[in-house]
Amino acid sequence: MSASDTQIEKQTKRHKPSLLGIGAAVALALVAGVVFVFGGFDTEEDQATSSEPAVMQTGTD
């Protein structure tokens with residue numbers, strides 16, 4: 001059941017800060033997602049692993 005005498009204008013004013021905060025959080029999440037997806041796959045950087053095989057060292061000289 002809903003209240004019969006709701007004042008839409010008054011409720012809009014009361015909820016405006018919350019809705020702006022939610023909108024800002026969604027926008028920030030979208031920007032972070034785009035940066036993560038398009039910025040995380042840079043193939044031009046040097047890789048941490050090398051394609052050269054490691055040299056095996058033995059304890060005897």
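The values are calculated or read from the model by the stated rules, or taken from the named source; none is laboratory data. Not measured: the values here are computed from a predicted model. Just the protein is used for accessible areas: all its heavy atoms, side chains included, with ligands, DNA and RNA removed. Shrake-Rupley method; radii C 1.70, N 1.55, O 1.52, S 1.80 Å.
Some points to look at:
- Looking across the range 1-45 at every residue that is at pLDDT below 80 and acidic (Asp, Glu), the one that is nearest to the chain's Cα centre (by Cα) is identified as Asp42.
- Every condition in (1) part of a helix (DSSP H, G or I); (2) of a type outside the set (Ser, Thr, Tyr); (3) open to solvent by less than 80 Å² (accessible area, probe 1.4 Å) holds for Ala3 except the one numbered (1).
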